[in-house]
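Below is one structure, written out as structure tokens, with a few remarks after it.
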Amino acid sequence: MVFWVFGYGSLVWNPGFEYDEKVIGFIKNYKRVFDLACIDHRGTPEHPARTCTLEENEGAICWGVAYCVRGGPEREKVAMEYLERRECEYDKKSLVDFYKEEDDSQPTLTGVIAFTSTPDKISNRYYLGPAPLGDMARQISTAFGPCGNNRDYLFLLEKAMFDIGHEDDYVIELANEVRKELGITGNREKKLLSPRKMVPRVVRIPSLQRPLQEVMAMESS
């Protein structure tokens, strides 16, 4: 038994579950947006954080990391139960094609699980929808919850995308606006190269072990 899950938010830098392989790549026709509320990790019901979800967008690409879990149904069940608890604000599991840059005409993997959300405030109580950049930055700069500040989630994502060699202009722009709200100097410059021109790094990692109490403290992606 093998299953793959696509990480595009906090899963990029902090998967929190036991996995057997990690591959950097992208999915097509989706973009990363900060339109989802988080009320139990980086925010509260009274002051929700903004975390990222995927929005369908023809022609867009979203870089991230695919994680593989092998070893039979029991290992798959443990990983999926953890992810479902952690990603509880996401009301959908979409199956996506995953590409690596060296062969972007054909998917490297098919049927990769991505936690996504219905973009409808009526049917999905966690969906915040888009907002002006300044409003989003003010919300992110002040929200906090049991797992820490909303702004740290954004800054860690910005760094994680830099570390895998595929920065996201939208994330950089939002992070710079949050730094402006906080009076922090030293904005990050937007990337000069298209992400399709940059060479992804493939990392193969042996099975990782984490104590259960540490795993349960992870935030949502």
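Read the figures in this text as sums done on the coordinates, not as results from a lab. Since this is a predicted model, take the numbers as computed values, not measurements. Cβ sites come from the backbone with ideal geometry, for glycine too, and all protein chains shown count toward neighbours.
Table for the structure above
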quantity: Whole-angstrom Cα spans of segment 20-151 along principal axes, big to small; calculated: 42, 37, 27
quantity: Contour minus Cα-Cα distance for residue 169 and residue 103 (0.36 nm per residue); calculated: 21.4 nm
quantity: Euclidean distance between Cα centres, segment 63-98 to segment 122-161, Å; calculated: 22
quantity: Exposure proxy order (Cβ contacts within 10 Å, fewest to most) of 115, 98; calculated: 98, 115
quantity: Qualifying aspartates and glutamates (Cα of each under 14 Å from Cα of residue 159; at least 8 residues distant if same chain); calculated: 167, 168, 169, 173, 189
quantity: Ascending count of other beta-carbon atoms within 10 Å, so fewest first, for 10, 94, 123; calculated: 123, 94, 10
